[in-house]
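Enquirer: Take a look at this one; I'll ask things after.
Every read-out reported here was derived from the displayed coordinates using simple, explicitly stated rules and does not represent laboratory data. Owing to the predicted nature of the structure, the values given are computational and were not obtained by experimental measurement. Reconstructed Cβ throughout: ideal geometry from the backbone, glycine too, with neighbour counts over all protein chains shown.
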Amino acid sequence: MSPEVLSPEALRAPLPGAPPATEAADVLIVGAGPAGSATALALRAAGVPRVVLVDRAVHGSPERAALRVGESATPNVGALLARLGLPDDLGRLGHRPYHGNLSLWSGDGEGADDFLRRGSGHGWHRDRARVDRWLREAAAERGARLLAPATLAGIERRPEGGWTVGLRDAGGRRSVTARVVVDAGGRRAPLATALGARRRRLDRLIALAVEAAPAAGPAGGGFHGRSFVEAVEIGWWYAAVLPGGRAIVTLMTDDDIARAAGLAGADAFRSAWAATTRLRDLVPPEDGPGAGTAPAVFSAASQHVDRAVGAGWIAVGDALIGFDPLTSSGIAGALDDALAAADTILRWFSGDGAAARDAAIVYARRAEDTLRRYLAERTRHYAAGGRWPDAPFWSRRAAR
């Protein structure tokens, strides 16, 4: 992920006059999920005046209301929110405390991992769409300009420095000139790939998810406030109770395994759910999808781009590294990336050429170190659950 570095002089060069359909920004961020919104918050807090966030969906649209996975926020998220100048207790916003994990993973019986035993406090089971909206609105309230709905239509480098970014929105096409651009566009990494970076997909993991009612009484009582994971031959199941009281139930498997078994269909999904050892007691499949209702399907593949940063651009969040949900690294990684990226951009704007080059190199090395640690952790997790070493899902994840 070695970077190409744009000189501070080029980054700071005045942006020339532009036609009326064009607006100017210091930093344009493609993607207004947690990584993009947090990058905007950090830049505005540091005094960067013109920050533009490009979001694919308008607030309150059906896309925003749909079921989304990735609801667990680990205990370190509070400290990261505080660094962004936000409340560090998501419980005050109505999200549920997340005290640890229960698992049926290695074949040695049910295991428990309590965050308090680590001395790290608790995290939260969050309503992901609500947290994403809260972060976007916080960025807008603090001066970031939000363009939504809008998508990336093209990008080209300006001879005098910076970029011209083409966007599609409800009115057709528009363009924005920017000194620096940030890819926070999720696993598609639309901006980084447009600038020549390549996505490296390491597996074919997908998530098939539904909402259901957790069991009443003792059967489901000990499950509240914890995530549950159960390994099965075709992958693993995940469940947690959301702030509204419903549970999310998710099967993690590879896309070819899901296709072969027809797991995207309601009946096959429910049958696989009913065949679990413990999950079916915590969240009974009878309260799952009804006849003809299929689970929502999401990509959850481990992947990364081969360049984290380039001349006047930088990648954050899932656009940089897409983590396996087993590691619960999603929002924490996104916020940490945002803070590191904002620091890098500020050094680019400092006028110190050596500091600008060093900042880009440090960010690239940080991404390489994060990826290396993640892959080692992923291998350890799957090795501990390998009760089916010859099954395709597990053999694909065995240490080589």
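Enquirer: For the pair GLU141 and ALA216, what calculated FRET efficiency results from E = 1/(1 + (r/R0)^6), where r is the Cβ-Cβ distance and R0 = 41 Å, to the nearest 0.05?
Expert: So the FRET efficiency works out to roughly 0.50.
Enquirer: If you take all C-alpha pairs in segment 246-392, what percent of them are over 23 Å apart?
Expert: Percent of Cα pairs beyond 23 Å in segment 246-392: 53.
Enquirer: Just subtract the alpha-carbon distance of ALA261 and ARG157 from 0.36 nm times their residue separation and send over the number in nm, one decimal.
Expert: Gain in length upon complete extension: 32.7 nm.
Enquirer: Return the FRET efficiency for the residue pair ALA384, VAL297: r is the Cβ-Cβ distance, R0 is 25 Å, and the value is rounded to the nearest 0.05.
Expert: With R0 = 25 Å, the Cβ-Cβ based efficiency is 0.40.
Enquirer: Subtract the Cα-Cα distance of ASP89 and ARG199 from 0.36 nm times their separation in residues, and report this length gain in nm to one decimal.
Expert: Full extension from ASP89 to ARG199 adds 36.1 nm.
Enquirer: What is the distance, in nm, between label points placed 7 Å from the Cα along the Cα-to-Cβ direction at ALA82 and at SER271?
Expert: Placing both labels 7 Å beyond Cα along the Cβ direction yields 5.2 nm.
Enquirer: Per the Kirkwood definition applied to all pairs of different Cα atoms, how many angstroms is the hydrodynamic radius of segment 200-283?
Expert: 13.3
Enquirer: Can you compute the FRET efficiency between SER350 and ALA129 using 1/(1 + (r/R0)^6), with r the Cβ-Cβ distance and R0 = 60 Å? Round to the nearest 0.05.
Expert: For SER350 and ALA129, the calculated efficiency is 0.95.
Enquirer: Pull out the extension gain between ILE361 and GLU286, defined as 0.36 nm times the separation in residues minus the alpha carbon to alpha carbon distance; nm, one decimal.
Expert: Separation in residues times 0.36 nm, less the Cα-Cα distance, equals 21.7 nm.
Enquirer: Another one. Using a 10 Å cut-off on Cβ atoms, rank the peptides 143-154, 22-33 from the highest mean neighbour count down.
Expert: 22-33, 143-154
Enquirer: Now a separate question. Under a Cβ-Cβ cut-off of 12 Å, what is the net charge of the residues other than ALA189 that fall near it, where Lys and Arg count +1 and Asp and Glu count -1?
Expert: Around ALA189, the surrounding residues sum to +4.
Enquirer: Note down the Stokes-Einstein diffusion coefficient of segment 143-276 in µm²/s, whole number, using a Kirkwood radius over alpha carbon pairs, 10 °C, and 1.306 mPa s.
Expert: Once the numbers are plugged in, D ends up at 84 µm²/s.
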